[in-house]
Amino acid sequence: MSPQEAGDSGAELSRNEIAFFGKITASVTHELNNVISIIEQTAGLLEDMIAGEERGVPISIDRLAGVSAAIQRQTQRGLGIIGRLNRFAHATDRPETVFDADEVVGNLVELSRRLASLRKIGLEFRPTATAPKMSGNPFVFQRAVFGAVQTVLACGLADHTVTIENRAESHGFKVSVEGATSGELGEGPLADLEAVAEEAGGSLTVESGGGQMRLCLQFTVLPSTEGRSS
Amino acid sequence: MAKARVLFIDDEEEFVKVVSERLRSRGIDVDTAFSGPDGIAKATEHTYDAVLLDLAMPGMDGLETMKHLLEYDAHLQVIILTGQGSVSAGVEAIKHGAVDFVEKPADIDTLVDKFSEAQEKRLALFEDDISQKMSNLMRKKGW
């Protein structure tokens, strides 16, 4: 490969990484905008109630309690979204680190839930019981897992659930993404996903048939069996 | 003029409920639906001056929902609700038949103004239709 080709390849990879980051943040900020919108309108409702009181319409304590509960509910929802986005963003802090694969995949599944919901598809995450530590780049790892989820969603059937399962095995660690699909995938998306899996230090296997698709990302893990990080 | 009758379609139920309550207190007659198919079903059962329609909904999205709504009632005034920074999506919706778009969280008084305009515009469209039919009839009869 010539230096020019190498440079082009690096630029291409960088665009893909930015696209992944953009897709996650666009989806999450859309959801956050919904939360802020509800809080803003609820504050407006309070103003309406105060204006009504000034015109002689008494404010009901029950209504006030309902408004307060709505604000608290949406605030908690917003904080949850921000926390997940923050954990995701910090995956870019260090290119090489040791991380808890259950925590990282669990967070990514939550961030992907809205994208799946737009296709009327549910996501179910099954963590391991042992919380295996992985060594590598958590951002690239997430891109591989997200790619697998997106690939199954792209041909997934509405009103079904895609299952993301982490499994510790004797020689490594596996993330499988499985769901009911409406058809076969082309070679292009799978070749792209295979390249991302390799970059993340893993490999991709595909099982498809009978209206089901199962993508498995196989990784090596550190021998550590220490508990989950806090 | 009678109250503007509006159908609000959005999957964010809590947003729909609070906005609807505020619109009702401002004299707008609001009906609600939490999905495209539910909204289409309501629009075939009742007559509305305008529809406030979210673009990003699970399953049938706003653009597809609007297509069905306009097939059923070509004079229906569809106002699109978009997320922040989704101006291009709003413009795209106008190309497909929406009359306007508003970014969430949406100012309540702006919405009321838009519904009043929509009601007047819809009435004018029906008047144009009647006028056209009368004119055709008179020409046909040689009056």
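Worth a mention:
- DSSP-defined beta bridges in the protein assembly as shown - what % are antiparallel, rounded to 5: 55 percent
- Rounded to the nearest 20 debye, the dipole magnitude of the stretch B:47-143 is 660 debye, with +1 charges on Lys and Arg beta carbons, -1 on Asp and Glu beta carbons, and the Cα centre as origin.
- Cβ-based charge dipole, the stretch B:1-129, positive-most Cα from B:V87, B:A118, B:A41: B:A118
- Degrees, to the nearest 10: A:61-89 long Cα axis against longest axis of chain A: 20 degrees
- Average beta-carbon neighbours from other chains, 10 Å sphere, peptide B:104-113: 3
- Spatially, the stretch B:4-45 and the stretch A:116-133 are offset by 33 Å when compared through their Cα centroids.
- Pairwise centroid distance, computed over Cα atoms, of the stretch B:93-142 with the stretch A:88-115, Å: 49 Å
- Remark: mean inter-chain Cβ contacts per residue of A:40-49 equal 5, using a 10 Å Cβ-Cβ cutoff to other protein chain atoms.
- Using alpha-carbon coordinates, inclination of helix A:101-118 to the longest axis of chain A, degrees: 60 degrees
- Shielding of peptide A:24-37 by partners, expressed as the average count of other chain Cβ atoms within 10 Å per residue Cβ, is 4.
- For the residues A:R126, A:R15, A:R143, a GNM of chain A with alpha-carbon springs under 10 Å puts the largest fluctuation on A:R15.
- Rounded to the nearest 10 square angstrom, A:M49 shows an accessible area of 30 square angstrom against a 1.4 Å probe.
- Buried accessible surface for the B/A pair, both sides summed and rounded to the nearest 100, is 1700 Å² with a 1.4 Å probe.
- Dipole magnitude (debye, nearest 20) for the stretch A:94-206, charges at Cβ of Lys, Arg, Asp, Glu: 340 debye
- Per residue value of the accessible surface for the protein assembly as shown (all protein chains in place, 1.4 Å probe), Å²: 51 Å²
- Residue among A:V57, A:V196, A:V140 with the largest mean-square fluctuation in a Gaussian network model of chain A, springs linking Cα atoms under 10 Å: A:V57
- Value at 222 nm in deg cm²/dmol, rounded to 500, when DSSP H runs of n ≥ 4 in chain A each add -39,500 (n - 2.57): -20000 deg cm²/dmol
- Each Lys and Arg adds +1 at its Cβ and each Asp and Glu adds -1 at its Cβ; summed about the Cα centre, the protein assembly as shown shows a dipole of about 620 debye.
- Taking Lys and Arg as +1 and Asp and Glu as -1, the other residues whose beta-carbon sits under 11 Å from that of B:Y48 total -2.
- Each peptide in A:75-84, B:63-72, A:147-156 receives the mean, over its residues, of other Cβ atoms within 10 Å, and ordering these scores from highest gives A:147-156, B:63-72, A:75-84.
- Restraint check, B:K95/B:K121; B:K3/B:K141; B:K95/B:K140, Cα-Cα greater than 28 Å: B:K3/B:K141; B:K95/B:K140
The values are calculated or read from the model by the stated rules, or taken from the named source; none is laboratory data. Please read these numbers as outputs of a predicted model, since none were measured by experiment. Note: ideal-geometry Cβ built from the backbone for every residue, glycine included; neighbour counts use all protein chains shown. Side chains included, ligands, DNA and RNA excluded: accessible areas come from the protein's heavy atoms. Shrake-Rupley method; radii C 1.70, N 1.55, O 1.52, S 1.80 Å.
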